[in-house]
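Peer 1: Quick one: the structure is below, and I'll ask about it shortly.
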Amino acid sequence: MKKQLLGVGFTGICLSAGLVMSLTTTAMAVQPAPIEGDADVQWSKVINDPFDGTVVYDKNFSPSDHGFVFVTSWSKGAIRATYTWYDSDIVGYKTVWRSRWIKKHGKQVEERYAEQEPIYHYTRFDDTPKAIMFAVNGQIYTYSEGSVPPELATALASAPPGNMRIRLVWDSGKTQDIEIGKGTVNAWKTVFRVSQQ
């Protein structure tokens, strides 16, 4: 009798945990971008994609090799975004030989010397924001998932020329401002154009 009750209780707990997990996975969030930062695509140009329709891709990145890359995909069907960054750890050192010019006995001579250089291991992280906020023509809009609402589409299509600063909202509640390039902002006029009935 106890075993049966324990079995029922355990099943109930598993069902509850499964329900919580399924509710968690369906929480609203921006979907990851369908491309990566090194993709061979036309950035900030309107293209016709067989899956996304009329779309424009944007990339914002730091100039260093292991900085950040923020890639976005803009279409009426969805705004998708992926923020990629790298964390580094020193895993050892290697000896490298360098040269420098020094003055010796009144002459310039080249001197070689050994130097210890760190060896880094880089770990890649990808994340998507919970929501994206826009400030367009004095109005604030928030996007989190699915098709772009008509009000936001109209606002993006009428955004002033130039780069646009958007605000990413993360699961932790923290926010981060990042720029979308002026070429992409200009392409929104085509991507989000309101069709005349």
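Peer 1: Kindly list the number of the only condition in (1) in contact with a Phe, Trp or Tyr (Cβ under 6 Å, 6 or more places away or on another chain); (2) surrounded by 10 or more Cβ atoms within 10 Å (Cβ to Cβ); (3) free of Cβ contacts under 8 Å to residues at least 40 places away in the same chain; (4) not small (Gly, Ala, Ser) that fails for ASP127.
Peer 2: Evaluating ASP127 over (1) in contact with a Phe, Trp or Tyr (Cβ under 6 Å, 6 or more places away or on another chain); (2) surrounded by 10 or more Cβ atoms within 10 Å (Cβ to Cβ); (3) free of Cβ contacts under 8 Å to residues at least 40 places away in the same chain; (4) not small (Gly, Ala, Ser) leaves (3) as the failure.
Peer 1: Looking at region 101-108, is at least one residue closer than 25 Å to VAL46 by Cα and touching a Phe, Trp or Tyr at 6+ places or on another chain (Cβ under 6 Å)?
Peer 2: no
Peer 1: Can TYR120 be described as over 16 Å from the mean Cα position of the chain (by Cα), modelled with pLDDT under 95 and surrounded by 12 or more Cβ atoms within 10 Å (Cβ to Cβ)?
Peer 2: Yes.
Peer 1: With respect to ASP89, determine if the residue is at pLDDT below 95, open to solvent by 30 Å² or more (accessible area, probe 1.4 Å) and under 30 Å from TYR113 (Cα atoms).
Peer 2: Against the criterion (at pLDDT below 95, open to solvent by 30 Å² or more (accessible area, probe 1.4 Å) and under 30 Å from TYR113 (Cα atoms)), ASP89 qualifies.
Peer 1: Residues of region 123-143 being in a loop (DSSP other than H, G, I, E, B) and at pLDDT below 95, which ones?
Peer 2: ASN137, GLY138
Peer 1: Follow-up. Sort through ALA78, ALA29 and tell me the only one that's open to solvent by less than 60 Å² (accessible area, probe 1.4 Å), of a type in the set (A, V, I, L, M) and either more than 24 Å from the chain's Cα centre (by Cα) or at pLDDT 95 or above (or both).
Peer 2: On the way: ALA29 fails: either more than 24 Å from the chain's Cα centre (by Cα) or at pLDDT 95 or above (or both).
Checking each option against the conditions leaves just ALA78.
Peer 1: Still on this structure, please answer the following. May I ask you to list the residues in region 145-197 that are in a loop (DSSP other than H, G, I, E, B), β-branched (Val, Ile, Thr) and surrounded by 12 or more Cβ atoms within 10 Å (Cβ to Cβ)? Don't jump to the end; show me each part of the working.
Peer 2: Filtering region 145-197 down to residues in a loop (DSSP other than H, G, I, E, B) leaves 145-149, 158-163, 170-174, 181, 192-197.
If we keep only those that are β-branched (Val, Ile, Thr) too, we end up with 148, 194.
VAL148, the sole residue that qualifies.
Peer 1: Right, another one. Filter region 39-56 down to the residues that are free of Cβ contacts under 8 Å to residues at least 24 places away in the same chain and in contact with a Ser or Thr (Cβ under 9 Å, 6 or more places away or on another chain), then identify the one that is least open to solvent (accessible area, probe 1.4 Å).
Peer 2: Filtering region 39-56 for residues that are free of Cβ contacts under 8 Å to residues at least 24 places away in the same chain and in contact with a Ser or Thr (Cβ under 9 Å, 6 or more places away or on another chain), the one least open to solvent (accessible area, probe 1.4 Å) comes out as ILE47.
Peer 1: Just checking, does region 167-175 include any residue being touching a Phe, Trp or Tyr at 6+ places or on another chain (Cβ under 6 Å) and among the small types (Gly, Ala, Ser)? Please lay out each step first, then the result.
Peer 2: Initial filter on region 167-175 (touching a Phe, Trp or Tyr at 6+ places or on another chain (Cβ under 6 Å)): none.
Scanning region 167-175 turns up no residue that is touching a Phe, Trp or Tyr at 6+ places or on another chain (Cβ under 6 Å) and among the small types (Gly, Ala, Ser).
The values are calculated or read from the model by the stated rules, or taken from the named source; none is laboratory data. Given the structure is predicted, the values throughout are model-derived calculations rather than measurements. Counting neighbours? That spans all protein chains shown, and the Cβs are built from the backbone with ideal geometry, glycine included. The area values use the complete protein model at the heavy-atom level, side chains included, leaving out ligands, DNA and RNA. Shrake-Rupley method; radii C 1.70, N 1.55, O 1.52, S 1.80 Å.
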